[in-house]
Amino acid sequence: MIYLLRHGETVWNTLGRFQGQKDSPLTRRGVEQADLVANLLRAEIEGNAQSFDMHVSPLGRTRETAERVRRVLPLKTREDARLMEVSVGAWDGMTMFEIDMEYPGKLDGSDVFDWYFRSPDGESFDAACARAKSWLADIKGPTIAISHGLFGRLLRGVYAGLSRRDMLELPVPQDGFYRLCEGEFSLVTAASTDRQLAPASE
């Protein structure tokens, strides 16, 4: 059983800057989102919490989110660099507009879902998926993971055997989390307890 959380909203999220492996702090809304998710998670695993380990990306925004979670769930925690966000190299910290101005033509033919892998010195799709597979292979028991938007898409996609396109189009909410179990994943939010399962590949 894996519960996959994304960090709360950051300042750069509000500015449309792709953070990659750079960082910016949580906004007030981001702190509220982290607290909401922490309480949702506590309700989800209440009575069984001590069987979980928590793995956290070492970037500041995920560590800050983890601190909010630990306020209500004082779990054993370790950082794992494999959960870090995908880096777009020199484009980390830039907006799409800035990239288009400084690297003319590099975004031609891309869309909102696949531009990340157009960077000349960024992490490749295959390398990022390999990180996800490596982390998943090491999970032996109930685990909570706090990671990022793009990498969270890839992690869920690898877990459920989705195609590249399908995994890149997955939603990345900051006010809920995903439950990964038996090759499927479902979203848990305060707004709805309905869980839309993504089927595993045959």
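Taking (1) more than 14 Å from S147 (Cβ to Cβ); (2) modelled with pLDDT of 95 or more in turn, N48 satisfies each apart from (2). What pairs come up if the first residue lies in region 100-119 and is under 22 Å from M167 (Cα atoms) and modelled with pLDDT under 85, the second is part of a loop (DSSP other than H, G, I, E, B) and not basic (K, R), and their beta carbons are under 6 Å apart, counting only those six or more places apart or on different chains? Sorted first by the residue in region 100-119, then by its partner, the pairs are F113/E169. For region 46-93, a tally of residues being assigned to a loop (DSSP other than H, G, I, E, B) and under 21 Å from L154 (Cα atoms) returns 11.
Yes/no matrix, rows are residues, columns are (1) under 30 Å from A43 (Cα atoms); (2) in contact (Cβ under 8 Å) with a residue 40 or more places away in the chain:
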{"residue": "E123", "(1), (2)": "no, no"}
{"residue": "A127", "(1), (2)": "no, no"}
{"residue": "P142", "(1), (2)": "yes, yes"}
{"residue": "G157", "(1), (2)": "yes, no"}
{"residue": "R165", "(1), (2)": "no, yes"}
{"residue": "V172", "(1), (2)": "yes, yes"}
{"residue": "A190", "(1), (2)": "yes, yes"}
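Taking region 109-168 as the range and being under 22 Å from G89 (Cα atoms) and acidic (D, E) as the test, the residues that pass are D111, D114, D121, E123, D126. Taking region 150-182 on its own, how many of its residues are of a type in the set (G, A, S), surrounded by 15 or more Cβ atoms within 10 Å (Cβ to Cβ) and under 24 Å from S124 (Cβ atoms)? Of the residues in that region, 3 qualify.
Here I146 meets each of (1) under 20 Å from R61 (Cβ atoms); (2) out of contact with any His (no Cβ under 8 Å at 6 or more places or on another chain) with one exception, condition (2).
Across region 80-100, a minimum of one residue is classified as among the polar types (S, T, N, Q) and in contact with an Asp or Glu (Cβ under 9 Å, 6 or more places away or on another chain). Just one residue in the set R70, R82 is surrounded by fewer than 16 Cβ atoms within 10 Å (Cβ to Cβ) and of a type in the set (K, R); that residue is R70. Per the listing G20, G60, G47, the residue uniquely within 16 Å of the chain's Cα centre (by Cα) and surrounded by fewer than 17 Cβ atoms within 10 Å (Cβ to Cβ) is G60. Restricting to region 126-140, give me the number of residues that are at pLDDT 95 or above and either over 17 Å from S57 (Cβ atoms) or in a loop (DSSP other than H, G, I, E, B) (or both). Counting residues in region 126-140 that are at pLDDT 95 or above and either over 17 Å from S57 (Cβ atoms) or in a loop (DSSP other than H, G, I, E, B) (or both) gives 3.
Going through region 23-35 one residue at a time, which ones are surrounded by 18 or more Cβ atoms within 10 Å (Cβ to Cβ) and at pLDDT 95 or above? Correct list: L26, G30, Q33, A34.
The values are calculated or read from the model by the stated rules, or taken from the named source; none is laboratory data. Please read these numbers as outputs of a predicted model, since none were measured by experiment. Every residue, glycine among them, receives a Cβ derived from its backbone with ideal geometry; neighbour counts consider all protein chains shown.
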